[in-house]
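Right, one structure below, let's go through it.
The values are calculated or read from the model by the stated rules, or taken from the named source; none is laboratory data. Computed from a prediction, not measured in an experiment: that's the story for all the values here. Because the Cβ atoms are built from the backbone with ideal geometry, glycine has one as well, and the counts that use them run over all protein chains shown. Ligands, DNA and RNA are stripped out before the accessible areas are found, and what is left, the full protein with its side chains, is counted by its heavy atoms. Shrake-Rupley method; radii C 1.70, N 1.55, O 1.52, S 1.80 Å.
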Amino acid sequence: MNRNRARGILLGLACGDALGRPVEFSSAAAIETEHGRLDEMVGHGTWNQPAGTITDDTEQALCIARSLVERQEFDPTDIADRFVAWFDSGPFDIGRMTMRSLSRLKQGDEWDEAGQRVWEDSLEGQNAGNGSVMRCAPLAIPYATDRPRLVAVSRQSSQITHADPRCTYGCAILNLTLAGLLDGANFPLRDALDDVGSEAPAELVAALEPLAGGDAPETLETSGYVVHSLQTALHDGLFAESAEDAIVTAVNRGGDTDTIGAIAGAVAGARFGAAALPDGWLRPIDEADELETLAEQLVESA
Ligand SMILES: [Mg+2]
């Protein structure tokens, strides 16, 4: 496996998350007014944190990566326990469905019950956020060559907090795409959609099909709805000319900047490799060394 690409997945995710953090919820116009084109790590802003601070996207990806390395297998109970421990640490940024699911887990629900119950209690429009797709990328490394298993573990990792099929299949399609990129595939999203086939929700497939054929949709949305976030992030990650351009483009669209940046960053990192990520972005990210080590260990366990 290409180690530079594997490292790129985890470091790219963190770069997009940290670059987008200070402008989360801002419009594209507001970002331009304040920063011009935001292309370096800045402090303060949304959540008022130092430059290079990661958020829940990378924090939960770290939970998954650490679990995979320590358990040497996909152990959803262990991952759920790590999510709860992170929740107990009082993160400044946490999504609504994640908070509700982790609260249920704390009260004793099994790993595959909490997210399902929260989903059943949620209204359409509030039941399919991007909170599982943003964190699932570490799974793509150890399971890159076992695509049916990669689909299964990606979907299960989503179910811990996000049981909607658009979320579970969103994770599967993203990770199949990343696995294809690790293998140097020419049409990784095409292959991913072919792999999940008609089992994937039609709405999700319809949003991603044009991208798989190389066409950019007329409008790209930046909401936290998983179909929007994944479509926009895959567009930027797969179509940009460089890793830096992919992440900067995603973040400067505004909206759910950290998460769309994180997903686009994982894709672009897999495409261009970690060495393509600017040193000036990685230096202020406290977790960069650990992410790099975890990526190496995930390659070893593949
Ligand atoms: Mg976040």
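Mind checking which residues of segment 255-272 are under 14 Å from residue 16 (Cα atoms) and out of contact with any His (no Cβ under 9 Å at 6 or more places or on another chain)? Result: 257, 258, 259, 261, 262, 263, 265, 266, 267, 268, 269, 270.
Taken together, the residues in segment 1-56 that are more than 14 Å from the ligand (Cβ to nearest atom) and part of a helix (DSSP H, G or I) amount to 18.
Are there helices (runs of 4 or more DSSP H) fully within segment 218-272 with at least 1 residues that are under 17 Å from residue 129 (Cβ atoms) and away from the ligand (no atom under 15 Å from the Cβ)? List them. It would help to see each step written out before you state the result.
Numbers: elements: 226-239, 243-252, 257-272.
It comes to 226-239.
All of (1) within 23 Å of residue 30 (Cα to Cα); (2) surrounded by fewer than 21 Cβ atoms within 10 Å (Cβ to Cβ); (3) among the hydrophobic types (A, V, I, L, M, F, W, C) hold for residue 302 with one exception: (1).
Only a single item in (1) under 19 Å from the mean Cα position of the chain (by Cα); (2) β-branched (Val, Ile, Thr); (3) part of a loop (DSSP other than H, G, I, E, B) is not met by residue 79, and it is number (3). Restricted to segment 84-97, and to residues there that are at pLDDT 95 or above and touching a Lys or Arg at 6+ places or on another chain (Cβ under 9 Å), the residue that is least open to solvent (accessible area, probe 1.4 Å) is 84.
Among the residues of segment 65-73, is any within 16 Å of the ligand (Cβ to nearest atom), part of a loop (DSSP other than H, G, I, E, B) and either without any contact (Cβ under 8 Å) to a residue 24 or more places away in the chain or open to solvent by 60 Å² or more (accessible area, probe 1.4 Å) (or both)? No: zero hits. Would segment 217-238 turn up any residue that is among the acidic types (Asp, Glu), modelled with pLDDT under 95, open to solvent by 30 Å² or more (accessible area, probe 1.4 Å) and more than 24 Å from residue 53 (Cβ to Cβ)? Yes: one or more hits. Residue-level check: of (1) of a type outside the set (Asp, Glu); (2) surrounded by fewer than 24 Cβ atoms within 10 Å (Cβ to Cβ); (3) touching a His at 6+ places or on another chain (Cβ under 9 Å), residue 170 misses just (2).
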